[in-house]
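Below is one structure, written out as structure tokens, with a few remarks after it.
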Amino acid sequence: MAARPQDPAARFVFVMLLFTLSFLMTVTGTAAGESEATRFVDHSLIVAPEYPCTWPSHPFPRFQIVHQRTIGPDSAVNVDVLLIDGNTGTQMDVPPHSVARPDLNREKSGPFGLAWTDRIEPWQFGGEACVIDVRDLLDQAPSGISPLVTAEHVRRFEAQHRELRFGDVALFRSDYSDVRYRPFPEGSRFIADALDRKAPGFPDPDPDCMEFLATRGVMTLGTDSASMGPLPNLAEPTHYAGLRHGMIWTESATNLGALPPTGAFYCMLSPKHEGGPYAECRAVSIVGGDLPRRLIEAARSRRVIDVTPTMAPGLPLTPLGFSTGQHRQVYLKVDFLYSEYLDSWHHTHLMDSMAGTHLVPPAYALPPEDTQPEYAPEVRGWLQDFEQRYGPIGSSSMTTEQVPLDWTAGPLRIIDVSALVGTTPAATWPASPAITVEHVRATESRNGPLQPGDVVLFRTGHLDKFLKPRPNDSGVWLNPLSGSSEGWPAPTAETIVYLKSRGIRCVATDAPDLGGVDPRQAMMTYWALGSREMAGVEFLHHTADLKDGNYFLFAAAKIRDCHGGPGRAIVFQ
């Protein structure tokens, strides 16, 4: 320690300096041995019918959610069906939005014309957030015209902070969505009024700005405007100027003001639609502590793995139910607007909210507060058995949009249960091998105890082996549920309760679901998850190369009152 000065005046100054330094360390959390607490920031608009979440021009379809079944005599769980277009809410654009396929040999053809949402490399989804403040442009244009973000705005950012580079995510912050995204009728101001020349357009970059960013090596962008395309006539030129370089970006982000100018990790995660030129997505940032730096470096070094199967018609993506008439809405691609130049269709999707990789929120299997559903007699018996062993299931209104983002993110702990495959006698089928507490404890004894905040992944290998298109699609659901083959390994309710006791909030699987093929056992597992306020992530694949300690990140589209939630899971090595 430095010697204290002897002069009284000097001692006073010295003490005040120490006091000031101590105070600053306290309020900033940067004292020796400490780091700022890590927090997750949601940049996603709520998706709901009364919001301006879809592009308002004809013939783009409006978003719809149908609560097809609710907990009661006909169903032990809540089942939702979605009609959702990729231009809904916070969304991701990829090059085929404007770049034509190479085989078309057109002026705007190029190799990135094949870079659909299911083909973008996962490292490009995220990087270091560089927040370019353009709030001075908000509403600074005539009605129907967008104020333009230019290369000078980017240079202004660089002069204040640092030069942009590969691995950065350039985020244009105007606060447009923060101010304008409201329920109808006020919601018309978000897009429709600008298109109808009743109000100024949303701030957006011009083509030269995109070209400048390309010289910096920036491959990922975002805007809190409704589109990356300036009104009235620069939307396509700006899109093409960026997308031809292989850029991708977020449109309709929000809450960018919660980020520092640099240093946060930003990521957008969308369902993996086959052949999609755009997709609904969840945009999230991670701020504080050492985690952002780790994820930024992994993305910059391209050490990211996508563990989400592609969603396409003809693939067995949707639960079949346990009996005839209980199947869920199959995944359908619905074409509605043809682009002659791109020789492709704009399309929407009709699907069950648990199609493909998806979230299981607590409200999936629990009734909402202040309700007493009348279960079918058989299910009442299961519920009585469950509550005798594990206590009341309680109730929950925690649908998808209310599940905290940090619940479905964290260091991976892999419990390999592939050795259970083939252990049930054929005479007992339909049956799933049970993943028990003993299997979890055995993994802990080998690899160390589970820690609070870990994401537990059960590795079964089921989807890697059986996820195939028609007519070879029966191995995922049909054969196991009908008893023609063994079911996939699934955790028991006791296992879920044990995981909760270890501080686990998220349980994932590379099987179709966490419930298995026996309806009683499945409900026990889902009641255990819901009653312990835990989240599930189901329908992953390609997990063989993952290791303990890799960082798992999943997010579902932010759909209000949804009891499932399509999304994407990626892993940072």
Span per principal axis, largest first, for the Cα atoms of the chain (Å): 79, 77, 46
Modelled FRET efficiency - R0 22 Å, VAL330 with GLU374, Cβ distances, 0.05 increments: 0.15
By average C-beta atoms within 10 angstrom, highest first, the peptides 71-77, 535-541: 535-541, 71-77
Calculated log₁₀ intensity ratio I(q)/I(0) where the Debye formula runs over C-alpha points of the stretch 518-570, q = 0.12, 0.24, 0.25, 0.26 Å⁻¹: -0.39, -1.11, -1.12, -1.13
Prolate/oblate/rounded label for the stretch 90-302 (Cα gyration tensor, a/c 1.5): rounded
Rounded to whole Hz, the Karplus (6.51, -1.76, 1.60) HN-Hα couplings of the stretch 423-434, x for glycine and proline: 9, 9, x, 4, 5, 8, 5, x, 8, 10, x, 8
Alpha carbon convex hull of the stretch 356-572, projected area averaged over orientations, nm²: 12.2 nm²
Relative contact order [Cα under 8 Å, 6+ residues apart], the stretch 395-465, whole percent: 51 percent
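Please state, to two decimals, what the Cα-based radius of gyration of the stretch 276-395 comes to when divided by 2.2 N^0.38 Å (N = residues).
The reported ratio for this selection is 1.57.
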Cross-link partners of LYS547 among aspartates and glutamates (Cα-Cα below 12 Å; sequence separation of 8 or more within a chain): ASP416
Per-residue Cβ neighbour rank within 10 angstrom, fewest leading, VAL81, VAL99: VAL81, VAL99
The chain: relative contact order as a whole-number percent, Cα under 8 Å and 6+ apart: 18 percent
Fraction of beta bridges assigned by DSSP in the chain that are antiparallel (%, nearest 5): 65 percent
Set of lysines near LYS272 by C-alpha distance (under 20 Å), chain-local residues within fewer than 8 positions excluded: LYS333, LYS465, LYS468, LYS558
Linear extension gain, ASP290 paired with GLN402, 0.36 nm per residue minus alpha-carbon span: 37.7 nm
Cα gyration tensor shape for the stretch 422-472, rounded if a/c is under 1.5, else prolate or oblate: oblate
Packing-based ranking, highest mean first, of 433-443, 122-132 given that Cβ atoms within 10 Å are counted: 122-132, 433-443
Mean Cα-pair separation over length for the stretch 90-302, i.e. relative contact order, pairs under 8 Å, 6 or more apart, %: 33 percent
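For ARG39 and VAL421, compute 0.36 nm times the residue count separating them, minus their Cα-Cα distance, and round to one decimal in nm.
133.6 nm
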Anisotropy class of the stretch 340-435 from Cα gyration tensor, a/c 1.5 cut: oblate
Counted charge near PRO230, where neighbours are those whose Cβ lies closer than 12 Å (Asp, Glu -1; Lys, Arg +1): -4
Built amide H within the under 5 Å cut-off of LEU45, gap 5+: THR90
Dimensionless Rg over Rh [the stretch 162-270; C-alpha; Kirkwood]: 0.98
Cleavage-rule hits, chymotrypsin sites (Phe, Trp or Tyr not before Pro), the stretch 149-222, DSSP coil, Cβ neighbours within 10 Å at most 16: PHE166
Reciprocal of mean inverse Cα separation for the stretch 275-336 (Kirkwood radius, Å): 15.9 Å
Charged-residue dipole, Cβ positions (Lys, Arg, Asp, Glu), the chain about Cα centre, Debye nearest 20: 920 debye
Helix-only CD estimate at 222 nm, as mean residue ellipticity for the chain, using -39500 (n - 2.57) per DSSP H run (n ≥ 4): -6500 deg cm²/dmol
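None of the figures in this text is laboratory data; all of them are computed from the coordinates on show. Keep in mind it's a predicted model, so treat the numbers as computed, not measured. In this analysis, Cβ positions are derived from the backbone assuming ideal geometry, glycine residues included, and neighbour counts consider all displayed protein chains.
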